[in-house]
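Enquirer: Encoded as structure tokens, here's the structure I'll be asking about.
The values are calculated or read from the model by the stated rules, or taken from the named source; none is laboratory data. This structure is a prediction, so every number in the text was calculated from the model and none was measured. In this analysis, Cβ positions are derived from the backbone assuming ideal geometry, glycine residues included, and neighbour counts consider all displayed protein chains. Ligands, DNA and RNA are excluded from the accessible area calculation, which covers all protein heavy atoms including side chains. Shrake-Rupley method; radii C 1.70, N 1.55, O 1.52, S 1.80 Å.
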Amino acid sequence: MGEDLVLGLGGTVDYEIRWDAAVLSALAREHGIHLGELTTTTPIIDERALVVTVLAFLATGGGGERFVLSSEIVERFASHFDVETTLGGTGVRAGIALDRIGVPTVQHLVSIDDNVRRLLPTSMRIVSSATQDTLDPHLIVQYPEGTTVELVDATVTASASNRLIFANDAPNREMAIAAGLGEALARAAAFLVSGFNTMQDAAMLERRLDDLTAAMRHLPADALVYYEDAGFYQRELSSLVRARLLDRIDVYGMNEDELQEYLARPVDLLSPDDVVAALAEVHDLIPARALVVHTKYWAIAVGPHAARHRAGLESAVRTAATRYRLGDACTAADLEDTARLPRHAGGAAVVAAAESRRGATGVPAFLVDTAHPTTIGLGDTFVGGFLAAVPAAARLATAVALERALDATSPVR
């Protein structure tokens, strides 16, 4: 087995707005938005449509990703708020989580600019298909549970905290595969594939899959391949990816929003009966060796190889919970603190039912009480935590932790 963790396929520059219900209320009044027109499926052709979509998600407590007609819409909406510029993309955020515990990664990128150069951790090596600097920011909206926004004729209140992503990102939509990816994969212990969800051209997607499968021939036979679904802008394209990659995917991951989109129905995440039925249904649709569904209450793997990944699930849930309570600043010591927290009782009941009735493998989420939760990047951090349990990463993380402990106790010279 190789030693590198190669993560891809595309990174992003994110505009994370600071939530302000008063600003959203003012925008709703300015655009004359009524309760009856809230929908999560309207084409986002202008700022008004974006505000409608944000409020529609908020009204249900849901999360998701949506395409916008232009980056100018993102820029205009973001200008109403305080904004923090960060890096996103499943591979990059997973890599940031790994960097915090001393595990370096190789990042496959399709775009780059000075924001990326400034913010990317120095532990990351880059393989890139970008030929010039570009900036197509992703708008990240994180709203808290209980927040209330006033419309023209009503108010809407969030039943849960969640995050929304809006973007028009040409490099990620085209997803060019770097010529050097195959060489990087030859030394890989694990390879993360994610990002095809933003593509919208079936013929271009087929070409990118040709390039990717050619590069993947360089993978060591025992390298783990983790695929994160990430919510397709055009759901029908997900079947093209599965047709080409499913026989090489070891772990196929998705979150609760993507699960419900595939099933075209809501799932009561705390109902053992409903969850067991949903897991059976989605695994029939996506017969992966290990299909992982991760939610705010539990993470469960189903499939013939599910039992192999208990350590990965435990590490993933712990890492995501640590980000939820502390954000990007979490450390290995913080992971240990999280491990001492109680588990969600309802999540534990669902896991027990899935394990006894479906032969699944699962772990309940931690109970985290924080006034300022971070909901952005939890799924990406979950993936990073899962990959931290890959033997090569686990060995390096242990060595780094030991080195830091020795440094902390060594006398000053």
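Enquirer: For GLU16, state whether it is closer than 25 Å to THR90 by Cα, among the acidic types (Asp, Glu) and under 20 Å from the mean Cα position of the chain (by Cα).
Expert: yes
Enquirer: Follow-up question, since we're still on this one. Kindly provide the set of residues from region 362-398 that are of a type in the set (D, E, K, R) and modelled with pLDDT under 85, ordered by number.
Expert: ARG395
Enquirer: Take region 275-294 and flag every residue that is surrounded by 15 or more Cβ atoms within 10 Å (Cβ to Cβ) and closer than 16 Å to GLU228 by Cα.
Expert: Once the filter is applied, which keeps residues that are surrounded by 15 or more Cβ atoms within 10 Å (Cβ to Cβ) and closer than 16 Å to GLU228 by Cα, region 275-294 yields VAL282, HIS283, ILE286, ALA288, ARG289, ALA290, LEU291, VAL292, VAL293, HIS294.
Enquirer: For region 347-367, enumerate the residues that are more than 21 Å from ALA311 (Cβ to Cβ) and touching a residue at least 40 places away in the same chain (Cβ under 8 Å).
Expert: Passing the criteria: ALA349, ALA353, ARG357.
Enquirer: Scan region 69-76 and tell me whether some residue there is assigned to a helix (DSSP H, G or I), free of Cβ contacts under 8 Å to residues at least 60 places away in the same chain and in contact with a Lys or Arg (Cβ under 8 Å, 6 or more places away or on another chain).
Expert: Taking every residue of region 69-76 in turn, none turns out to be assigned to a helix (DSSP H, G or I), free of Cβ contacts under 8 Å to residues at least 60 places away in the same chain and in contact with a Lys or Arg (Cβ under 8 Å, 6 or more places away or on another chain).
Enquirer: I need the full set of residues from region 15-68 which are closer than 21 Å to ASP169 by Cβ and either of a type in the set (A, V, I, L, M) or assigned to a helix (DSSP H, G or I) (or both), in order please.
Expert: Matches in region 15-68: ILE17, ILE44, ILE45, GLU47, ALA49, LEU50, VAL51, THR53, VAL54, PHE57, VAL68.
Enquirer: Let me ask another. Could you list all residues from region 38-74 that are of a type in the set (Asp, Glu) and exposed (fewer than 15 other Cβ atoms within 10 Å of the Cβ)?
Expert: GLU72 - this is the single residue of region 38-74 that is of a type in the set (Asp, Glu) and exposed (fewer than 15 other Cβ atoms within 10 Å of the Cβ).
Enquirer: Wholly within region 115-167, which strands (runs of 3 or more DSSP E) include no fewer than the required count, namely at least 1 residues that are open to solvent by 20 Å² or more (accessible area, probe 1.4 Å) and farther than 21 Å from ASP328 by Cα?
Expert: 125-128, 148-150, 155-157
Enquirer: Here's something else I'd like to know. Could you identify the single residue in GLY63, GLY146, GLY95 that is closer than 23 Å to GLY379 by Cα, outside the structural domain of GLY8 (by the TED database) and within 18 Å of the chain's Cα centre (by Cα)?
Expert: GLY63
Enquirer: Name, by its number, the condition in (1) under 26 Å from ALA190 (Cβ atoms); (2) in contact (Cβ under 8 Å) with a residue 12 or more places away in the chain; (3) open to solvent by 10 Å² or more (accessible area, probe 1.4 Å) that does not hold for PRO272.
Expert: All conditions are met except number (1).
Enquirer: While we're here: Looking only at region 168-218, which residues are under 21 Å from the mean Cα position of the chain (by Cα), among the acidic types (Asp, Glu) and in a helix (DSSP H, G or I)?
Expert: GLU174
Enquirer: Would you check which residues across region 203-247 are farther than 18 Å from ARG173 by Cα, without any contact (Cβ under 8 Å) to a residue 24 or more places away in the chain and either small (Gly, Ala, Ser) or surrounded by 13 or more Cβ atoms within 10 Å (Cβ to Cβ) (or both) and list them?
Expert: ALA221, ALA243
Enquirer: Tell me which residues, restricted to region 295-320, are open to solvent by less than 10 Å² (accessible area, probe 1.4 Å), of a type outside the set (Val, Ile, Thr) and either touching a Leu at 6+ places or on another chain (Cβ under 9 Å) or at positive phi (or both).
Expert: TRP298, ALA299, ALA301, ALA306, GLY312, ALA316
Enquirer: Of the numbered conditions (1) in contact with a Gly (Cβ under 8 Å, 6 or more places away or on another chain); (2) among the β-branched types (Val, Ile, Thr); (3) under 22 Å from ALA316 (Cα atoms), THR198 satisfies every one except a single condition; which is it?
Expert: (3)
Enquirer: Here's a follow-up. Looking at GLN107 and the list (1) under 21 Å from the mean Cα position of the chain (by Cα); (2) farther than 20 Å from ALA170 by Cβ, which single condition is not satisfied?
Expert: (2)
Enquirer: I've got another one for you. So which residues in region 1-12 are under 22 Å from GLU72 (Cβ atoms) and either out of contact with any Leu (no Cβ under 6 Å at 6 or more places or on another chain) or assigned to a helix (DSSP H, G or I) (or both), if there are any at all?
Expert: GLY10, THR12
Enquirer: Report yes if some residue within region 60-68 is more than 21 Å from GLU84 (Cβ to Cβ) and aromatic (Phe, Trp, Tyr); otherwise report no.
Expert: Yes.
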